[in-house]
Each structure stands twice: as C-alpha cells, then as structure tokens.
Amino acid sequence: MKKPSSKIREEIAKLQDQLRQTETREAERIGRIALKVGFGEIEIDETELQVAFEAIVKRFRPIKGASNGVRKAGGDRGEGTQTAAVTSDAYSGDGSVA
C-alpha cells in the first residue's frame, strides 16, 4: 500500500529537522575544536579557510574504492603534506596572515 503524500511530507519535515539538529551539533563540535587550536585568534579570509578545511577533508576521507574503508599504504599523503606546507606558509605565527 502506498503512503499518502501528507504522510511523506510529515516524514520529510521530521528528516529536515533531524538534519538541522545534526548539522548544528557538527558545526558546534568543529567550532569548539577550531577555537581550541587558535583559529579564533587569526585573521584569515573565509575562502582560504575553506580551502584549508577541504584539504583536511581530503586527507582524512577514505579513498574511494577501498573496500574496507582503510587507506592504502601511501594513499594521497603527498597531497596532504603539500597542503600543510601551503597553510603553514600563509600563517606567520604571530596572529597575522603573511
């Protein structure tokens, strides 16, 4: 038996609420970590910060196609290392962006 559209809309509304709550928890978690490591004290353009976060995601996200979710030896570590060098060059250590 098919569900009526009103029932599906209710389920969608509940899922959207769950998504908002989950995103809020995730944002708070990431924000707390960022503050602990000093992100709140540096001046950095949002675009640069987003690029740095994307590099972090690439570094820790499992390689596509890996059946067990474990990285292969060597993985894409070179890319992560290169990104770390770029972000460390942009930060002078005195709270300002070079």
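Each reported figure results from applying straightforward, stated rules to the coordinates on display, with no laboratory input. These numbers come from a predicted model, not from an experiment. Cβ: placed from backbone, ideal geometry, glycine included. Neighbour counts: every protein chain shown.
Rounded, prolate or oblate: which one fits the stretch 1-41, using the alpha carbon gyration tensor with axes a ≥ b ≥ c (rounded when a/c is under 1.5, else prolate when a/b beats b/c, else oblate)? In terms of gyration-tensor shape, prolate. Summary of the geometry: the stretch 7-39 and the stretch 41-62, compared by the centres of their Cα atoms, lie 19 Å apart.
Arranged from fewest to most other beta-carbon atoms within 10 Å of their beta carbon, 7, 64 become 64, 7.
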